[in-house]
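Down below is the structure, laid out as structure tokens.
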There are 2 protein chains.
Amino acid sequence: MAGRSLSANTRRPKAAGNLSKPAIVAAALDLIDRDGLEAFSMRGLAQALGVYPTALYWYVPNRNALLAEMVTVAMQDVLPSPRKRPWQAWLKELFRRYRRAVSRHPHLAALMGAQMVSNAGVDPVLPEQILGVLSRAGFSDRQMVHAFNTVIATMAGFVTLEFGPAPADDDGSWAKTFQHSLRTVDAARFPLLARNMPRLENRAFITRWQNGVEAPLDDSFELFIEAAIHGLELQRVRKRRTPPRG
Amino acid sequence: MAGRSLSANTRRPKAAGNLSKPAIVAAALDLIDRDGLEAFSMRGLAQALGVYPTALYWYVPNRNALLAEMVTVAMQDVLPSPRKRPWQAWLKELFRRYRRAVSRHPHLAALMGAQMVSNAGVDPVLPEQILGVLSRAGFSDRQMVHAFNTVIATMAGFVTLEFGPAPADDDGSWAKTFQHSLRTVDAARFPLLARNMPRLENRAFITRWQNGVEAPLDDSFELFIEAAIHGLELQRVRKRRTPPRG
DNA sequence: ACCTGAACACCGTTCAAGT
DNA sequence: ACCTGAACACCGTTCAAGT
């Protein structure tokens, strides 16, 4: 967002001075993509950059601010182009783009959904566009807040769960045990679970042992966003007294 | 909440002896409800219990396992009673119960949604009941997985965002600054945002400075789950070739 | 301006030792 | 069986000092 193109005008820094905020953020993203959020530390990042831990604090105020920067980078391409098309199609593309952004940095899923998106830290262009689309769709001012919240929850809700971390599992023993317990579920106590397990195992929340990285829920996601959009359509129609003009 | 009334009484030679797994989990929940997840530590918990940090490891294998225990406790009352009623009503109660459970331990919101619910660690009675309700609703075996995933994502998605933590804000300065930036948003660049701000501020994702604890999104939540249920209704109906028999 | 280096106040977890 | 106590390998962040 902030253009830092002109800062230390053409004066080359020291030979070893490769450090910069974008470089730090990029290196941090690499580390997190590789090792996950729990393993990420300022000290580890400094080591990866070949620098003392405290050097980072010249560019970044603290760890949380650095995480926020990473989320901003990860959110870069979520906004669909504003070209005219049915509002349903625009929303679908928004949802798919957000999912794609999260899938590129799955270890940031919870951070993106439950912290940055649901709160501040998002480019105001995104909410502005969403409001525009909902306005075109025919939502009244009174309904606008709720439709907006439904859009955001639909966008981030499913995906935050889908790419949430599976239980820590260094040797794969948990996955095998859990898998076995699913396949041998007591058919007397849990008849439907037992009957549907062939289709549920590793393809549904709760009954999976891998997350969206290894076992993406593509079809479920598509039907989920379709359901949400149909639900929005109904709410809009129900309040309408006069046919749409545009 | 935690009664630490008995301290030096009852002639116990040792200080504690009150230690047990349920007591540890309860004390941990108290600490997290008060100070949040970031501030929670095994050492702090031990201190609150008047015991050496390593004593906890006799009852709990590690920190993550303890967090999982807390989530299990927090999820206690989410399952609606199985008494007969329309499937839409049953789902609505499930969604509301989950929201209520999270609202009681908001600092566990991300843990509950993005980790335990979306993955393992949930009583199989819950998925069994959901399958039963969806079966009664008329979903085919082919649709079942997707309908199930839609239910889980609807249940946990909105609420995980709603109770996600607002930016760390010790002195309230961020909230004031952000609030001001919302109210003075550039009406030329963001006309819809500016026009709708009176209804959006602190009542919508992104444009709020408090989370669901202080600023619950009750109405939006209700409309969100209604939209999801209507979407499900349509998907079921669309596939149906014969009228329902029940 | 940019980085080193020491230091502070913490962590989770192990292991041996006590009772 | 249950807890103490020392110890290990870490943390984030501050601050003074170097260049």
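Quick notes on this structure:
- The protein assembly as shown - charge dipole about Cα centre, Lys and Arg +1 at Cβ, Asp and Glu -1, debye rounded to 20: 1420 debye
- HN-Hα J in Hz across the range A:73-88 - Karplus 6.51, -1.76, 1.60, θ = phi - 60°, x for Gly and Pro: 4, 5, 8, 2, 9, 6, 5, x, 5, x, 4, 4, 5, x, 4, 4
- Distant-in-sequence amide H partners of A:Trp209 (H built 1.01 Å from N, under 5 Å): A:Asn202
- For the range B:149-157, Karplus couplings with θ = phi - 60° (6.51, -1.76, 1.60), whole Hz, Gly/Pro x: 4, 5, 5, 4, 5, 5, 4, 9, x
- Most mobile of A:Ile206, A:Ile152, A:Ile229 in a GNM of chain A (Cα contacts under 10 Å): A:Ile206
- Folded to 0 to 90 degrees: helix B:191-200 orientation relative to chain B principal axis, Cα: 60 degrees
- Area of A:His105 that stays accessible when all protein chains are in place (1.4 Å probe, Å², to 10): 30 Å²
- Other-copy label distances relative to B:Tyr59, 7 angstrom Cα-Cβ extension, nm: 4.5
- Label-point distances for A:Ala188 to the equivalent site in the other copies, using a point 7 angstrom along Cα→C-beta, read 7.6 nm when ranked shortest first.
- Sorted from shortest to longest, the distances between the B:Ala23 label points of this copy and the other copies are 5.5 nm, with each point 7 Å from Cα along the line through the beta carbon.
- Under the criterion of Cα pairs below 8 Å and six or more residues apart, the relative contact order for the range A:166-210 equals 36 percent.
- Helix-only mean residue ellipticity at 222 nm for the protein assembly as shown, each DSSP H run of n ≥ 4 adding -39500 (n - 2.57), per residue, nearest 500: -17000 deg cm²/dmol
- Length-normalised contact order of chain B in % [C-alpha pairs under 8 Å, at least 6 apart]: 15 percent
- C-alpha center-to-center spacing [the range A:112-160, the range B:184-223] in angstrom: 9 Å
- Normalised by 2.2 N^0.38 Å, where N is the number of residues, the alpha-carbon radius of gyration of the range B:74-213 equals 1.32.
- Ratio Rg/Rh, restricted to the range B:112-189 and using Cα atoms, in which Rh is the Kirkwood radius: 1.25
- Descending principal axes extents, chain B, alpha-carbon based, whole Å: 74, 55, 25
- 0 to 90° range, to nearest 10: angle between helix B:21-35 axis and chain B longest Cα axis: 70 degrees
- Farthest positive-ward along the range A:14-74 dipole, Cα basis, beta-carbon charges - from A:Leu67, A:Ala55, A:Ala39: A:Ala55
- Calculated Rg and Dmax of the protein assembly as shown using C-alpha coordinates, Å: 24.2, 83
- Bins of 10 Å, starting at 0 and running to the largest distance - Cα pair percent for the range A:166-210: 28, 53, 18, 1
- Based on the Kirkwood approach, the hydrodynamic radius assigned to the range B:14-74 is 11.5 Å, with every pair of different Cα atoms included.
The values are calculated or read from the model by the stated rules, or taken from the named source; none is laboratory data. Please read these numbers as outputs of a predicted model, since none were measured by experiment. Neighbour counts run over all protein chains shown; Cβ positions are idealised from the backbone, glycine included. All accessible areas refer to the heavy atoms of the entire protein, side chains included, with ligands and DNA or RNA removed. Shrake-Rupley method; radii C 1.70, N 1.55, O 1.52, S 1.80 Å.
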